[in-house]
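Okay, so here's the structure we're looking at.
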Amino acid sequence: MMLWPLYFDIRRSRSEGRRVPKSAAVPSPNLDDLARTTRSLGIRVKREADCSHPKRPWAKEGRLWVSTSDVKRTLGDDMKKEGLMLHVGKAWREQVVDQRKDEREQERSAKKQQSRRLRQNQRRSSQARNKSGKRKRRR
């Protein structure tokens, strides 16, 4: 079986080549992430990076050859290509969502640290002014 990153592109319509529902699609799919996700499901793959999909001959996005025997062993004997794409798409979507959550948490913690440092610097500068002989304002 062959999988193209185009099958999982949330920005494409079904007529433009997307083959999974939007709930299983990802923004900006690439061959490396597709291979990583498929391997994480326990399926052997072979990458061909310099191939272009027949609907988009100008875009060398690559394709993934998937081991049919691994698909049947891992996901069940009655698994067809559509089921595999849905399975891979959902797993990939979960990875993207988790990655975004981690990035947001890192941004929040960085902002908290930055504001904490700013407050500490403000306290230090006000303490230094108080020690230099200037009077403290009463509130």
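Computed from the coordinates by the stated procedures, all read-outs in this text should not be read as laboratory data. Here the structure is a predicted model, which means the values were calculated and not measured. Cβ atoms come from the backbone with ideal geometry, glycine included; neighbour counts cover every protein chain shown.
Using just its DSSP H runs of length 4 or more, each adding -39500 (n - 2.57), the chain gives a mean residue ellipticity at 222 nm of -17500 deg cm²/dmol after division by all residues. Within the shell defined by Cβ-Cβ distances under 14 Å, the residues around Ala110 carry a net charge of +2, with Lys and Arg each +1 and Asp and Glu each -1. Given the choices (i) 66, 39, 25; (ii) 147, 53, 12; (iii) 81, 35, 25, Cα extents along the principal axes in Å derived from the coordinates of this structure is entry (iii). Pairs of lysines in the range 2-131 whose Cα atoms sit within less than 21 Å of one another amount to 19, provided the residues are eight or more positions apart or on different chains. Normalised by the number of residues in the range 2-131, the average gap of Cα pairs under 8 Å and 6 or more apart makes the relative contact order 24 percent.
Helix 31-40 axis versus longest C-alpha principal axis of the chain: approximately 80°, rounded to the nearest ten. All other residues whose Cβ lies under 15 angstrom from that of Val97 are scored, Lys and Arg at +1 and Asp and Glu at -1, for a net of 0.
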